[in-house]
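Since the structure comes first, as C-alpha cells, the remarks are kept for the end.
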Amino acid sequence: MRQSSAALNSEFRQTMKNKILKKLFVPWWKMLIWISLPVIMFSCMNCRSMQSGTYVIKAGNHYCSGLNLPVIKFYWENPSVNFKYRIDDGAYAANNLNGVSKIYGFSEGQHHWNSSARLGFIVKDNVITVRAYCYVDGVSPQQNEIQKPEIGTIETNRWYSCRISRQDGYYVFNHEGKEIKIKAGDGHSCGYLLTPYVGGTFTLDKDIRIDIELLP
C-alpha cells in the first residue's frame, strides 16, 4: 500500500531533523580541541614575547613596533625581573625633552598606573641618566619625586645589568651594583611585564633600539 501524504511528510520531516541534529552535534573531543587552540596560541605568543630580543620604537611612536601582547605573570613569591639592556644612539633624540622614557620593568595588579616598577632614562645636555620609575597605590612618579630617583649615567651601545624586585615592602633596584629602594604600595598576586616606551608626552624624531636580555 502506498503511504499517505501525511505519513510521507512526517517521515521527511523526521529525516531532515535527524540530519540537522547530526550536523549540530559536536563530539566532546572536537569541542576540547576548539577550546584549547586559542589558549595554546595565546600562550605561544606570550612565550615568544617573553624572549630576549630587540625592541624598536619608530620615530613618532611611543610603543615598540610589531605585535606586543602583555606578558601576564603570577607572583607566587615577590615579583622581580632580572635583565641586561643596551640602548642605541637613537636615545639622543630625547635630548632636553621633558619626561622619562622606560626601559623595562613589571606591574602589580590590573594596570601599571596602580603599582609598578620600571627602569627609565632621561637625556639632558646629551648625558643619559637612568632612573627608577615607580607607581605606588595609584600615585604617579610625576606627583612624587621620591618615586623616580636618579640611579646613574650610562652610555649608548653598551650593555648594563639591572634587577628590579619587591622586598619587604620596597621596590629594590640593583643597577650595576648600585642599590636603590623605594617604598612600595599594596602587593598583588599577578601583573605583567612592561616593555620599552618613549615618553611622557613626547615622541622622538628618529628610531630608537633597545636590546633586552632576560636573565635567570
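What the table below lists for this structure:
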quantity	calculated
Mean Cβ neighbour count within 10 Å, used as a protection proxy, ranking 87-93, 122-128, 99-105 highest first	99-105, 87-93, 122-128
Sequence-distant aspartates and glutamates (8 or more away, or on other chains) whose Cα lies within less than 19 Å of residue 124	88, 89, 145, 150, 155, 205, 207
Table column - 3J(HN,Hα) (Hz), segment 103-117, Karplus curve with 6.51, -1.76, 1.60, x for Gly and Pro	9, 6, x, 9, 10, 10, x, 6, 8, 5, 6, 8, 8, 6, 9
Which of 133, 197 has the fewest Cβ neighbours within 10 Å, and the rest in rising order	197, 133
Sequence of 204, 97 once ranked by neighbouring C-beta atoms within 10 Å, starting from the fewest	97, 204
Where labels lie 7 Å past Cα in the beta-carbon direction, separation of residue 110 and residue 159 in nm	4.0 nm
Sorted peptide list for 164-171, 113-120, 73-80, criterion being average Cβ within 10 angstrom, highest first	113-120, 164-171, 73-80
Computed magnitude of the charge dipole of segment 53-214 (debye, nearest 20; Cβ of K, R +1, Cβ of D, E -1)	80 debye
Long-range amide H partners of residue 200 with built H, under 5 Å	100
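Any read-out appearing in this document is the output of simple, stated calculations on the displayed coordinates, not a laboratory observation. All values derive from a computational prediction rather than experimental measurement. Neighbour counts are summed over all protein chains in view; Cβ atoms, including those assigned to glycine, are modelled from backbone coordinates with ideal geometry.
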